[in-house]
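Beneath this line is the structure, given in structure tokens, with notes to follow.
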Amino acid sequence: MKRLGVNIDHIATLRNVRSGEHPNPINFAKYAISLGADSITIHLREDRRHIKDNDLKKLSKLKIPLNLEIASNYKMVKIAIRNNPNYVCLVPEKRNELTTEGGLNVIKYYRKIKFIVSKLNSKKIRTCLFINPIIKDVIFSKKINTNCIEIHTGKISNLVKNKKNYTKELRKIKKCAKYANSLGMEVHAGHGMDYKTIKILSKIKEIKEFNIGHFIIGESVSIGLKNVIKKINMFIKK
Ligand code: PXP
């Protein structure tokens with residue numbers, strides 16, 4: 001059975017613009033799980049742009065499968081180990097990016113990432129590396145000894161959104177997913193997905209987990225509008 005991880009970073013983004021408690025990422029996480037999400041993903045960025053340390057602390061105390069995304073640096077790894085989430089996904093981070101723009105450079109940072117993965121594995125935390133769909137990166141991920149890889153689906157998502165030919169990118173993703181699976185790593189996919197991309201990518205049997213954030217939050221705001229207007233009007237138009 002394939003799993004859905006819901007990334008709730010942008011609930012925190014929305015909360016932070018008014019520095020209050022609404023919308024509340026903790027309640028949203030519980031709600032998402034009650035509605036059929038299998039896990040909750042949060043990215044604790046070094047700049048703390050959306051999710052804050054206190055969110056991580058509260059979420060890791062709940063009985064909810066928690067996937068923590070962090071940059072591969074020792075300070076973040078210490079924080080991860082202190083909070084003991086079920087899963088950690090290592091992602092690249094650039095200060096001025098709008099979102100995670102590409103996969104990890106598992107070749108250049110091989111030693112460092114391998115050390116971090118072994119540290120996390122020794123604490124029984126499932127590890128995942130966010131990589132581009134490149135066979136060489138799959139091979140290095142295996143050498144690093146990670147439990148899972150997450151394939152960056154940003155490129156195919158953009159191609160699909162812009163109605164461009166995506167067959168070459170899809171072929172690359174399929175090839176990497178099959179190869180990683182044959183090497184014994186679990187395969188996940190994430191970034192930029194919407195209904196159209198998920199329809200295409202969910203056909204790849206080796207992909208076991210999909211991590212989706214921005215589209216789910218954006219779509220929830222749109223679909224939820226009906227209920228909120230109805231509720232507000234109950235007070236105004238009695
Ligand atoms: N997976 C990883 C590793 C990510 O870094 C992100 C973005 O934070 C996502 C999935 C979710 O991407 P999106 O918000 O575009 O659905």
Normalised radius of gyration for the range 87-193, please: alpha carbon Rg relative to 2.2 N^0.38 Å, two decimal places. 1.06
Given charges at beta-carbon only (K, R positive; D, E negative), |dipole| of the range 1-123 in Debye: 500
The local net charge around Asn158, scoring Lys/Arg +1 and Asp/Glu -1 for residues other than Asn158 whose Cβ lies under 12 Å from its Cβ, equals +2
How much FRET efficiency would the formula 1/(1 + (r/R0)^6) give for Ser222 and Asn86, where r is the Cβ-Cβ distance and R0 is 45 Å, rounded to 0.05? 0.90
Roughly how far apart, in whole Å, are the Cα centres of the range 141-173 and the range 194-229? 17
Is it possible to state the helix-based mean residue ellipticity at 222 nm for the chain, with each DSSP H run of 4+ residues giving -39500 (n - 2.57), the sum divided by total residues, to the nearest 500 deg cm²/dmol? What is it? -14500 deg cm²/dmol
Looking at the chain from every direction and averaging, what is the projected area of its Cα convex hull in nm²? 14.2
Taking placed amide H atoms and a strict 5 Å upper bound, the residues 5 or more places from Tyr166 or on another chain that come that close are none
If one compares the long axis through the Cα atoms of helix 214-236 with the longest principal axis of the Cα atoms of the chain, the angle in degrees, nearest 10, works out at 10
Let me know the charge dipole size of the range 56-117 about its Cα centre in debye, to the nearest 20, where only the beta-carbon of Lys, Arg (+1) and Asp, Glu (-1) is charged. 380
Asp47-Lys2 FRET efficiency (beta carbon distance; Förster radius 30 Å; 0.05 resolution): 0.40
Report the gain in length on full extension from Ser118 to Met234: 0.36 nm times residue separation, minus Cα-Cα distance, nm rounded to one decimal. 36.2 nm
Given a cut-off of 28 Å, name the pairs among Lys30/Lys226; Lys161/Lys208; Lys143/Lys174; Lys30/Lys164; Lys142/Lys163; Lys30/Lys208 whose C-alpha atoms lie farther apart than that in the structure shown. Lys30/Lys164; Lys142/Lys163
Tell me, what is the FRET efficiency for Leu35 and Thr167 to the nearest 0.05, using R0 = 30 angstrom and their Cβ-Cβ distance as r? 0.35
With +1 at each Lys and Arg Cβ and -1 at each Asp and Glu Cβ, the charge dipole magnitude of the range 73-223 around its Cα centre, to the nearest 20 debye, comes out at 540
In range of the label at Glu101: residues from the range 179-201 whose backbone nitrogen is under 18 Å from the point 7 Å along Cα→Cβ: 191-192
Output for the range 65-133: trypsin sites (Lys or Arg not before Pro) sitting in coil per DSSP, at most 13 other Cβ within 10 Å, listed by number, reads Lys94, Arg95, Lys108, Lys123, Lys124
Would you compute, for the Cα atoms of the range 133-207, the largest minus smallest coordinate along each principal axis and list the three values in descending order, in whole Å? 36, 19, 16
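Laboratory data are not the source of any read-out in this text; all were calculated from the coordinates shown. Keep in mind that what you see is a predicted model, and the values were worked out from it rather than measured. No Cβ is skipped: glycine too gets one built from the backbone with ideal geometry, and neighbour counts run over all protein chains shown.
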